[in-house]
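First comes the structure, then the notes that go with it.
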Amino acid sequence: MSLKEQLMADLKEALRANDVPRKEAIRMIRAAIKNAEIEWQREATDEDVVQIISREVKRRLEAIEMFRQGGREDLVANEEAQLAVLKAYLPKQLSEEEIREALREIIAELGATGPKQLGPVMREAMQRLKGKADGRLVNRLARELLSGN
């Protein structure tokens with residue numbers, strides 16, 4: 001079953017159970033997928049869907065941060081509920097140590113010796129770890145490893 005089919009089945013289930021946060025999150029993702037398909041003029045693959053969900057997760061995290069700064073805990077709770085739903089559709093995220101190990105391999109393969117080679121290391125790392133790790137965490141760990149800390 002493709003990720004799009006899974007989303008549709010889960011939406012039907014959420015509608016039957018009257019699970020509002022889940023229903024809203026899935027509808028929002030399905031709309032984002034539909035908009036992307038129209039823009040791309042092709043069907044979205046599972047990899048495309050994961051990228052779209054990752055982008056929406058990032059938006060949710062930013063919204064939560066903004067609502068907290070504004071003192072809107074009611075909106076924070078809603079965003080966190082939707083965030084939990086979205087994260088369930090993403091591949092298992094790598095731990096910090098797994099990311100460090102992957103970065104060590106990439107650094108060794110590329111022969112990177114210092115912070116000046118961060119660009120090529122990040123390009124390769126994000127290609128290999130796409131959807132499995134947060135880009136900011138990967139960047140921070142790559143900087144640490146390249147600076148010798």
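Looking at the P(r) of the chain, how many percent of alpha-carbon pairs lie beyond 28 Å? Mind dumping the intermediate values first?
Working: 3813 of 11026 pairs.
Looking at the chain, the distances longer than 28 Å represent 35 percent of pairs.
Taking loop as defined by DSSP and a crowding limit of 16 other beta carbons within 10 Å, which GluC sites (Glu not before Pro) in region 8-103 fit?
43
Report the label-to-label distance for residue 127 and residue 5 in nanometres (one decimal), using points 7 Å from each Cα along the Cα→Cβ vector.
Label-label distance for residue 127 and residue 5, simple model: 3.2 nm.
With a cut-off of 8 Å between alpha carbons and a minimum separation of six or more residues, what is the relative contact order of region 3-149 in percent?
The normalised contact order for region 3-149 reaches 21 percent.
If the only charges are +1 at each Lys and Arg Cβ and -1 at each Asp and Glu Cβ, what is the size of the charge dipole of the chain around the Cα centre, to the nearest 20 debye?
220
Count the lysine pairs in region 10-149 whose Cα atoms lie under 15 Å apart, taking only pairs 8 or more positions apart in sequence or on different chains.
9
Run lengths n ≥ 4 of DSSP H only: what is the helix-derived mean residue ellipticity at 222 nm for the chain, with -39500 (n - 2.57) per run over all residues, to the nearest 500? Write down the numbers at each step before the final one.
Working: 7 runs with 115 residues, N = 149.
Helix-only estimate at 222 nm: -25500 deg cm²/dmol.
We did not get these values from a lab; they are worked out from the coordinates using the rules stated. Remember, it's a predicted structure, so these values are computed and weren't measured experimentally. Positions of Cβ are generated from backbone atoms using ideal geometry, with glycine treated the same way; all protein chains shown enter the neighbour counts.
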